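The values are calculated or read from the model by the stated rules, or taken from the named source; none is laboratory data. Because the structure is a prediction, the values reported are computed rather than measured. Cβ coordinates were reconstructed from backbone atoms using ideal geometry, including for glycine residues, and neighbour counts include every protein chain displayed.
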Amino acid sequence: MLIPFAVTTAWLFVPGLVCTTALRLRPAHAWGLAPLFSLALISVAAILAPMAGIGWGPLPAGGLAVLVGALFWAVRVISSRLRRRRGPAAADEAAEADDPLAADAPEDAGTSDDAEASERTEASVEASGAAPAARIERAPEAEGPPRTGTAVPRRRTPGARAVSILTSVELLTILAMVIGGVLLARTVTGVIGVPDALSQTFDNIFHQNAVRYILDGASASSLDLLSMTASPGDSTFYPAAWHDTVSLVLLTTGGGSIVVATNAMALAVCALVWPAGIVLLCRAVLPSSLLRLGLLPAGVLAASFPLFPLLFIVFGVLYPNLLGLSLLPGMLVLVLRFLRIGRRDGITWTAVVVGGLMGSIGMSLAHPNASMSLVAMVIPIAAVGAVGALLRAAHPRVRGTVLPVLLLAAGAYGLFAGARAIWPIIRPPEEALTWPPSSSIPEAIGRALTFDAAAGMPAWSLMVLLLMGAYAAVRVRRAELLGAWVVVVYLWVAISGWEDGEARTALVGVWYNDPYRLAAVLAIPAVPIAALGVALLTRRTADVLGPLLPRAPRRALWPLLAIVASVLTLQVTHDTDWMRFAERSAGWSYRLDEKSNVLTADELALIERLPASVPQDAVIITNAWNGSSMAYPYTGIATTSHHTLEYASPQDQMFEQHLREASTNPEVCAAVQDTGADYVLDFGSENVNSSPWDFPGFHDLGDAPGFTLVDSEGEAALYRIDACAP
């Protein structure tokens, strides 16, 4: 899986990196936000390619990425030259406006937290571009008020230089991404097991067939993908960013297993895209006084919530939702910067606007549920931000105005009004909203607080970290994500605890009334909230230990405490019964044996021999409910069905009810000839998810006249339909 994983990583990050580096983003932000740009370019290229008469592949996707990247760099070069022509003063002013370091202003003014107030001098030094030595020398001594008067330059010792490097915010951010990625890579590979393990889940029948459908020359456009399963005249829109990317990997490498490429994509999204985005979100909300203490634990916490991303490689399997929600933290970073909430380092204003536009496209074409989750969280963020701005403006020691209050309040109201208008439009049709409530309201609240929303085991340590974070968020004036958490919990309670009816559907129908889809969203605001709690506790520990240590060891106290906090966070989250239970439970969906949900070991063995048993241009009659339609993604041989919930043509209905009557019923042979079928796969009557549907046309084909056995493995059999031979 190494080559597919490397190619997947390249497609997910390289096109975006071309754009983010042109936008003058710092390395961590350029990497973390790159997937937003990459997925937008890939999914838009997939839409434009058929319009331009171009087949799908690396050419249209790479061509659009090169074109947009070249445009970004051309604008950067031209703007730089214009600045130089305007003179040194204008150039310096413009550079300062775009400099991500200059954006790290002391935005925390007016907070009541004494620890954070002591760090304002450090934030001001960072904003002014002072030497790193000044920042590092001042940080360990933040217990008391900043000194006044002229600073006396001091020679840095090798130890001080080492501390300066270790406490670099950029380095800590990257290390946190690596920590989260390594932990998640271990978890995901442990769950999947072997590279070609199939996720034995209901929706994976569609996902695997959709990738093969694209590889066989069908349009990869989100506007057309559902034509594989939709009835004539119905909408064929389906968010295809996931399938576009998996197909690109296979087309770039010249072929290979769709299952392996899918697993490589799942690993890349879980171990690279998600930790990069969520760590950037933690960096955005951690105040200066807690930043260097909270980043490394944030990396651990990124891999500590079984609700996400682990849940979505097990349940469903909801690959598009996995991709969309993995992009959501990066979008939240841009939204916070746009609203001027939290830290503003590392992102230029141009990047906020351009990234927001492209990210909205990429995330929506990954899955609209992610966009709706973003809207649901941004409304309380803007509202809480407006209250915070009002309090700061009223503080006697803060020079504030009511303008931020008005802008944030207007933004919150505008988002609410817009969501209220588009909510019914985006909501799926009533027949797709089949999920009933799963618990009572008190049980739903308790399961949300203990992160047992997916009916696993209560994660008590995560609840403690969340409560610590809630206290810290209020203490250091970072309550915006706490408001987002409360709204997500409210939605979760509605979807899992309210009685089924119009009110429930109106509020949470955009998530298909499915508690699992909203359960995953609970983890997104919870990670930075928990990181705040760990960071504040670590800071209090530093405040106690600092005065007890000599000056030189005190400089190394913060990085040491950050490492200790990360190890302890790992211990209380990963070395637990509930985490081990989550990992063991997840492994069932990749199990291959005689009781597997989609394909048993015998059925897979028979499918793998199909190319030697039938011509490559053959058509095989299949029943998606018993897994036989997986022959198409595995072999490329055409089948008559591709998903359990697809439109059943008159021919399909004839096969389901009367196929075994082929020797006596002329209508059956007419349907067989209409589809061009010569063979049928009989995988028995055991349905996916033990569904109760019965298809008598496929019963006991071995005993029906006119069906000749070609190959078999256990109870799985391939028959040639001789009854309808010309």
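General observations
- Cβ-Cβ contacts under 7 Å between residues 6 or more apart (or on different chains), taken from a first residue in the range 200-221 that is closer than 14 Å to ASN689 by Cβ to a second residue that is of a type in the set (Phe, Trp, Tyr), are listed as GLN200/TYR590.
- Restricting GLY483, GLY469, GLY456 to residues that are assigned by TED's automatic domain parsing to the domain that holds LEU281 and part of a loop (DSSP other than H, G, I, E, B) narrows the list to GLY456.
- Flag if PRO50 is touching a Ser or Thr at 6+ places or on another chain (Cβ under 6 Å) and either among the hydroxyl-bearing types (Ser, Thr, Tyr) or at pLDDT below 95 (or both): yes
- In the range 473-526, residue nearest to VAL375 (Cα to Cα) [restricted to those that are without any contact (Cβ under 8 Å) to a residue 24 or more places away in the chain and surrounded by 19 or more Cβ atoms within 10 Å (Cβ to Cβ)]: VAL508
- Whenever a residue of the range 72-84 is on the phi < 0 side of the Ramachandran plot, its partners that are surrounded by 11 or more Cβ atoms within 10 Å (Cβ to Cβ) and not in a helix (DSSP H, G or I), lying with C-beta atoms within less than 7 angstrom and at least six residues away or across chains, give the pairs PHE72/LEU23.
- Filtered residues of the range 304-321 (kept if of a type in the set (Val, Ile, Thr) and within 20 Å of ALA448 (Cα to Cα)): VAL314
- For VAL44, the test of being among the β-branched types (Val, Ile, Thr) and crowded, with 21+ Cβ neighbours inside 10 Å is passed.
- Among the conditions (1) within 16 Å of PHE202 (Cβ to Cβ); (2) over 30 Å from the mean Cα position of the chain (by Cα), PRO633 misses just one, which is (2).
Conditions tested, residue by residue: (1) assigned by TED's automatic domain parsing to the domain that holds PRO368; (2) not hydrophobic (A, V, I, L, M, F, W, C); (3) not in a loop (DSSP other than H, G, I, E, B).
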{"site": "THR21", "(1), (2), (3)": "yes, yes, yes"}
{"site": "ARG24", "(1), (2), (3)": "yes, yes, no"}
{"site": "GLY32", "(1), (2), (3)": "yes, yes, yes"}
{"site": "PHE37", "(1), (2), (3)": "yes, no, yes"}
{"site": "TRP56", "(1), (2), (3)": "yes, no, no"}
{"site": "GLY62", "(1), (2), (3)": "yes, yes, yes"}
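- Taken as a whole, the condition of being touching a residue at least 12 places away in the same chain (Cβ under 8 Å) and not polar (S, T, N, Q) applies to LEU545.
- The requirement of being of a type outside the set (Phe, Trp, Tyr), under 19 Å from the mean Cα position of the chain (by Cα) and within 23 Å of HIS367 (Cβ to Cβ) is satisfied by LEU310.
- Scanning the range 312-331 for residues that are among the aliphatic types (A, V, I, L, M) and farther than 18 Å from LEU272 by Cβ turns up VAL314, VAL317, LEU318.
- Among the residues of the range 627-663, those identified as within 30 Å of VAL260 (Cα to Cα) and among the small types (Gly, Ala, Ser) are GLY627, SER628, SER629, ALA631, GLY636, ALA638, SER641, ALA648.
- Per-region count, the range 166-191, residues more than 17 Å from the chain's Cα centre (by Cα), surrounded by 22 or more Cβ atoms within 10 Å (Cβ to Cβ) and within 15 Å of ALA268 (Cα to Cα): 2
- Selection status of THR262, part of a helix (DSSP H, G or I) and either assigned by TED's automatic domain parsing to the domain that holds LEU536 or closer than 29 Å to PRO515 by Cα (or both): yes
- Flag for ARG478 being under 30 Å from TYR647 (Cβ atoms), assigned by TED's automatic domain parsing to the domain that holds SER326 and modelled with pLDDT under 90: no
- Taken as a whole, the condition of being at pLDDT 95 or above, within 16 Å of the chain's Cα centre (by Cα) and assigned by TED's automatic domain parsing to the domain that holds GLY193 does not apply to ALA298.
Every residue, every condition in (1) modelled with pLDDT of 95 or more; (2) closer than 21 Å to GLY190 by Cβ; (3) surrounded by fewer than 24 Cβ atoms within 10 Å (Cβ to Cβ), yes or no:
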residue: GLY233; (1), (2), (3): no, no, yes
residue: GLY256; (1), (2), (3): no, no, yes
residue: ALA264; (1), (2), (3): yes, yes, no
residue: SER289; (1), (2), (3): no, no, no
residue: TYR319; (1), (2), (3): yes, yes, no
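- Selection from the range 472-523 of residues that are closer than 18 Å to VAL279 by Cα and out of contact with any helix residue (DSSP H, G or I) (no Cβ under 6 Å at 6 or more places or on another chain): ALA523
- Per the conditions (1) surrounded by 14 or more Cβ atoms within 10 Å (Cβ to Cβ); (2) touching a helix residue (DSSP H, G or I) at 6+ places or on another chain (Cβ under 9 Å); (3) hydrophobic (A, V, I, L, M, F, W, C), the sole criterion not satisfied by VAL567 is (1).
- From the list GLY362, GLY294, GLY324, GLY356, the lone residue that is part of a helix (DSSP H, G or I) and touching a Cys at 6+ places or on another chain (Cβ under 9 Å) is GLY294.
- Every pair of residues 6+ apart whose Cβ atoms lie under 9 Å, when the first sits in the range 696-725 and is farther than 18 Å from GLU667 by Cα while the second is part of a helix (DSSP H, G or I) and hydroxyl-bearing (Ser, Thr, Tyr): VAL710/SER613; ASP711/SER613; ALA716/SER628; LEU718/SER613
- Restricting GLY69, GLY16 to residues that are modelled with pLDDT of 95 or more, surrounded by 20 or more Cβ atoms within 10 Å (Cβ to Cβ) and among the small types (Gly, Ala, Ser) narrows the list to GLY16.
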